[in-house]
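Presented below is the structure to which this report refers.
The values are calculated or read from the model by the stated rules, or taken from the named source; none is laboratory data. These numbers were taken from a predicted model, which means no experiment stands behind them. Quick reminder, even Gly has a Cβ in these numbers, built from the backbone with ideal geometry, and neighbours come from all protein chains shown.
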Amino acid sequence: MSLEKSNKESKASHKSQLSKLGWFLTPMILVILVDQVSKWVIRHDPSLHSLDIIPGWFRFTYILNPGMALGIEWLPTPVVGTISTLATLGILIYVGLNVSRAPKPFLIAMGFVTGGALGNIIDRMFLGLVEGYGGFMHGHVVDFLHFSLKIRDFSVFPYIFNVADVAISVTVVTMLLFRNRILPPENEAIQENEIAQNSIQGDSLDHS
């Protein structure tokens, strides 16, 4: 009976982990799809390469970004791509190791961040090959979202970005603002050990 009960508990735990993994994979896949489809549309429709959406405020400005997010160029494209890939692998490993105890908001947030990172990594890996201007990991990231508001010829937000950047930036800010509700309880095991030790000490005192 104990073996059968153990098997049932193991299956229930496995099912619970798969269910929680869905909270991570769903937003990740959604961001990748929206990001890549929007980039494909922009690339193949010249009428969208320079288009006012809200005149004076927001427009489409199509560029190919060889550098980091938001058009920041600090490192060569292959180096940026490699660092991004390693960082994303680190996130995937971390989520995989903590999926059983991670709260759903954390898994959803990590899904958005990972989806955004992968959306840009896909560009870096393959766009150079697709467009014919470079090899693997030499692709430039497609950016097109542009807040064009200016105050006295000063651009309020001069960077051009994409859906992947939005997913990453908004999620990171949200996690910083609501970290107590989103981040997993890192000290949960330590607290449980302390409670257990205090309980043992209390029992010892009671029996002394």
Among residues of segment 83-93 being in contact with a helix residue (DSSP H, G or I) (Cβ under 8 Å, 6 or more places away or on another chain) and surrounded by fewer than 19 Cβ atoms within 10 Å (Cβ to Cβ), the residue farthest from residue 184 (Cα to Cα) is 85
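Test residue 79 against the criterion of being at pLDDT below 95, β-branched (Val, Ile, Thr), farther than 30 Å from residue 19 by Cα and in a helix (DSSP H, G or I), and give yes or no.
For residue 79, the condition - at pLDDT below 95, β-branched (Val, Ile, Thr), farther than 30 Å from residue 19 by Cα and in a helix (DSSP H, G or I) - is met.
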Every listed condition ((1) closer than 20 Å to residue 184 by Cβ; (2) assigned to a helix (DSSP H, G or I); (3) modelled with pLDDT under 95) holds for residue 113 save (3)
By residue number, the members of segment 25-67 that are within 21 Å of residue 129 (Cα to Cα), touching a residue at least 24 places away in the same chain (Cβ under 8 Å), in contact with a Leu (Cβ under 8 Å, 6 or more places away or on another chain) and in a helix (DSSP H, G or I) are 32, 42
Cβ pairs under 6 Å, 6+ apart or interchain, first in segment 75-99 and more than 15 Å from residue 136 (Cα to Cα), second surrounded by 14 or more Cβ atoms within 10 Å (Cβ to Cβ), ordered by first then second residue, are 88/117; 91/114; 95/24; 95/110; 98/184; 99/20; 99/21
If we ask which residues in segment 117-142 are buried (at least 19 other Cβ atoms within 10 Å of the Cβ) and of a type in the set (D, E, K, R), their number turns out to be 2
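Tally up the residues in segment 1-59 that are modelled with pLDDT of 80 or more, basic (Lys, Arg) and more than 30 Å from residue 127 (Cβ to Cβ), please.
1
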Over segment 156-208, the set of residues at pLDDT 50 or above and acidic (Asp, Glu) is 165, 186
Every listed condition ((1) touching a residue at least 40 places away in the same chain (Cβ under 8 Å); (2) surrounded by 14 or more Cβ atoms within 10 Å (Cβ to Cβ); (3) farther than 22 Å from residue 40 by Cβ) holds for residue 114 save (3)
